[in-house]
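These notes are about the structure you will find just below.
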Amino acid sequence: MIPIVCPAYLPNVQYCNWILQQQQIHFTGTTTYQKQTFRNRSEIYGANGKLKLTVPIRHTHGIQKSLDQEVSIAYDTDWQKQHWKSICAAYRSAPYFEFYEADLEPFYQEKIISLFEFNLKLLSQVMQLLEVSFTYKIVSWNPNVHKRMDHLIDAKQKVTTGFENYTQVFGTKFGFIPNLSILDVMFNLGPNTSSYLKTTR
């Protein structure tokens, strides 16, 4: 069975560790969109502890649920400005923030309608910045061929073991928080991020 997953918004360490283990990643947009998942959520380390960032989506009205590739981002509120402001406040003092800042900020200015496309473009940029080989296929889910890796985007699942401690901006205040967004590792460890991901169990 070929493992498949939906692109996540600034995915966590567990998700990115899984990506590094694949020779080729298979993404799908033909699974049914589920609320309260990392499809449109991410967690960073803010000044008051864990901070959740949520991309607002346009809900479709009707009996039939939307597929992942059909979900649109809502721009009724300026969530991009809010997210980028939160990211800057959390990581401005991190060792490598300025190193990646200019390559990530445009994603909080351009308005991409498709959540699937937005997540994929942002993830591709992150992997490029980390100098990680990132080849993928977009496939239609076939239960006879594919194994869904839904646990990787389940926001309710608490994964706290298997993560080595590293220095976090507010670590002296709240202690080490594992399995946050890839941004937390990038801004704190920089070029050593891919090595850290590979040591995650």
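The values are calculated or read from the model by the stated rules, or taken from the named source; none is laboratory data. These figures come from a predicted structure and were not determined experimentally. All Cβ positions, glycine included, derive from the backbone under ideal geometry; neighbour counts span all protein chains shown. Calculation scope for accessible area: heavy atoms of the full protein, side chains included, ligands and nucleic acids excluded. Shrake-Rupley method; radii C 1.70, N 1.55, O 1.52, S 1.80 Å.
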Of all GluC sites (Glu not before Pro) in segment 76-168, the ones in DSSP coil with at most 16 other Cβ atoms within 10 Å are E110, E131, E164
May I ask which of K50/K81; K85/K158; K50/K137; K65/K156; K50/K85 have a Cα-Cα span longer than 25 Å here? K85/K158; K50/K137
Averaged per residue, what accessible surface does the chain expose to a 1.4 Å probe, in Å²? 52 Å²
Let me know the Kirkwood hydrodynamic radius for segment 147-191, please, with Cα pairs as the basis and the value in Å to one decimal. 12.2 Å
Using only the alpha carbons of segment 115-201, determine the length spanned along each of the three principal axes and report them from longest to shortest in whole angstroms. 47, 28, 25
Accessible-area order for S86, S181, S93, largest to smallest, probe 1.4 angstrom, reads S93, S86, S181
Whole-Å distance, taken between Cα centres, linking segment 151-170 and segment 14-93: 16 Å
Straight-line reach from K198: which aspartates and glutamates have a Cα under 15 Å away, not including same-chain ones fewer than 8 places off? E131, E164
For the chain, the Cα convex hull volume per residue in Å³ comes to 119 Å³
What's the percent breakdown of Cα-Cα distances in segment 93-166 across 10 Å bins, shortest bin first? 13, 30, 42, 13, 2
